[in-house]
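This report concerns only the one structure given below.
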Amino acid sequence: MLNNKRPDSMERITTPALANAFIAEQIESIQKQVGDKKVLLALSGGVDSSVVAALLIKAIGKQLVCVHVNHGLMRKDESENVIKVFREGLDANLIYVDATDRFLDLLAGVSDPEKKRKIIGAEFINVFADEARKLEGISFLAQGTIYPDILESIKQAEGKKAVKSHHNVGGLPEDLQFEGLVEPVKLLFKDEVRVVGEALGLPHAMVYRQPFPGPGLGVRCLGAITRDRLHALREADAILREEFDKNGLAGKVWQYFIAVPDFKSVGVRDGKRYEGWPAIIRAVNTTDAMSATIEEIPYALLHHITNRITAEVEGINRVLLDLTPKPVGTIEWE
Ligand code: XMP
């Protein structure tokens, strides 16, 4: 526990110079800890695991083995981007696992949000463990733990209950034990991880990526997930993100996404009855995700997004805007 306490004297990393000093310090400490042994990392493409990967690549190069599990619930082009940045850009030792079928088969017919979360969390560990068992000579496990995770686990240990269970990487099975953990950013807050990420040369879009839940689009394809509705959600979400990017909202709004419920309404297309799902736009601002306010989106942009989604996305025939702050609504619908 002693190593998990941020010393009061620790300076907040706010500048590239401070980030570079932190990087140099961590490289030395990682090299000392790991020596010539191998390290395994689950690389989701989120800010924390990406920064840890970039840091470890700098420190130990190909001794780091990254595993990127695509659970089939990623946003459009997200896995491709991880491959591009890490395999092509940083020459990382990266194993890509497309586990879409494993996840979607297990999730078929499951509509309860907490059950969905549990299935996704548990299967993630299964897939990662399967890959880890195929590898030989791995001594360490790296993790993108950050300081708020440590504070959160302290709260949980004290018995404080969260509204929703958050399942990212949980405990690995008994037979998969490592000599030690490498957690180079565990004393940093998110804003500091971002400054370090930029200093490491990671793309701005990756470092300043909006939060994306571990269960991914799984909790935005509401109710029991089907492949066709998941596809429609992914395409509609990509249009929303593209338009927010183009119109200067991406850096301004904390979290924005589409959710697609599992019911249809009647519509008309080309003079014919056309039943489709609604796409729900959610765009919120917050500092800590405990409460959130609604971001105003210009009306003309809403019209444009609505026109694009209904014209370009098969299966969607209406676009709705969620104006509910948190509380009373949570940020995600499930
Ligand atoms: P809620 O919906 O609880 O979300 O208001 C607060 C923040 O947490 C994210 N979220 C999750 N993140 N696993 C995660 O890693 C989860 O199961 C999960 N559920 C919600 C949500 O996107 C928001 O940023």
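The values are calculated or read from the model by the stated rules, or taken from the named source; none is laboratory data. All of these numbers come straight from a predicted model, not from anything done at the bench. Reconstructed Cβ throughout: ideal geometry from the backbone, glycine too, with neighbour counts over all protein chains shown. Heads up: the accessible areas ignore ligands, DNA and RNA and are worked out on the full protein's heavy atoms, side chains in. Shrake-Rupley method; radii C 1.70, N 1.55, O 1.52, S 1.80 Å.
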> Where a ≥ b ≥ c are the square roots of the eigenvalues of the C-alpha gyration tensor, would you call the range 179-269 rounded, which needs a/c under 1.5, or, failing that, prolate if a/b is larger than b/c, or oblate?
Replying inline: oblate
>> Going by amide H atoms built from the backbone, whose H comes under 5 Å of the H on Ile316, apart from near neighbours?
In response: Trp277
> So what's the gap between the Cα centers of the range 268-334 and the range 213-228, to the nearest angstrom?
Replying inline: 16
> What is the magnitude of the charge dipole of the chain about its Cα centre, with +1 placed on the Cβ of each Lys and Arg, -1 on the Cβ of each Asp and Glu, and no other charges, expressed in debye to the nearest 20?
Replying inline: 480
> For the range 200-334, which whole percent of the accessible surface, found with a 1.4 angstrom probe, sits on carbon and sulfur atoms?
Replying inline: 56
> When DSSP assigns beta bridges and you keep just the ones with both residues in the chain, what percent turn out antiparallel, to the nearest 5?
Replying inline: 35
> Given H placed on each backbone N at 1.01 Å, which residues far from Gly180 in sequence or on other chains put an amide H within less than 5 Å of it?
Replying inline: Leu141
>> Run the simple label-point estimate for Leu301 and Asp8 please: 7 Å along Cα→C-beta, distance reported in nm.
In response: 4.4
> How are the C-alpha pair distances of the chain spread across 10 Å bins, as whole percents from the shortest bin up?
Replying inline: 5, 23, 33, 25, 11, 3, 0
> Along the charge dipole of the range 1-137, which of Gly61, Thr15, Asn4 sits closest to the positive end, that is, farthest toward it, with unit charges on the beta carbon of Lys, Arg, Asp and Glu (+1, +1, -1, -1)?
Replying inline: Asn4
>> I'd like to compare 113-119, 318-324, 138-144: which one has the highest average count of other Cβ atoms within 10 Å, and what's the full order after that?
In response: 138-144, 113-119, 318-324
> Taking the highest mean first, how do the peptides 150-159, 83-92, 289-298 order by number of other beta carbon atoms within 10 angstrom per residue?
Replying inline: 83-92, 289-298, 150-159
>> Taking the solvent-accessible surface of protein heavy atoms with a 1.4 Å probe, what is the per residue accessible area of the range 249-325 in Å²?
In response: 55
>> Once you order the gyration tensor axes a ≥ b ≥ c over the Cα atoms, which shape class does the range 86-154 get: rounded for a/c under 1.5, otherwise prolate or oblate by comparing a/b with b/c?
In response: oblate
> So what's the angle, to the nearest 10 degrees on a 0 to 90 scale, between helix 147-157 and the longest Cα principal axis of the chain?
Replying inline: 80
> Considering only the other residues whose Cβ falls under 9 Å of the Cβ of Phe212, what net charge follows from Lys and Arg at +1 and Asp and Glu at -1?
Replying inline: +1
>> For a Förster distance of 22 Å, can you work out the FRET efficiency between the beta-carbons of Lys115 and His231, rounded to the nearest 0.05?
In response: 0.50
>> As a test of the formula, what do you get for the chain when each DSSP H run with n ≥ 4 contributes -39,500 (n - 2.57) and the sum is divided by the residue count, at 222 nm and rounded to the nearest 500 deg cm²/dmol?
In response: -12000 deg cm²/dmol
> Just how far, in whole angstrom, is the range 14-53 from the range 98-130 if you go by their alpha carbon centroids?
Replying inline: 29
> Nearest 20 debye, what's the magnitude of the dipole of the range 202-334 about its Cα centre given +1 on Lys and Arg Cβ and -1 on Asp and Glu Cβ?
Replying inline: 180
> Hey, if you put +1 on the Cβ of every Lys and Arg and -1 on every Asp and Glu Cβ in the chain, which of Trp277, Thr287, Ile95 ends up farthest toward the positive end of that dipole?
Replying inline: Trp277
> In degrees, nearest 10, range 0 to 90: what is the angle between the Cα axis of helix 47-60 and the longest Cα principal axis of the chain?
Replying inline: 30
> Can you give the charge dipole size of the range 1-90 about its Cα centre, rounded to the nearest 20 debye, using +1 on the beta carbon of Lys and Arg and -1 on the beta carbon of Asp and Glu?
Replying inline: 180
>> Please compute the Kirkwood hydrodynamic radius of the range 231-273 from all pairs of different C-alpha atoms, in Å with one decimal.
In response: 12.4
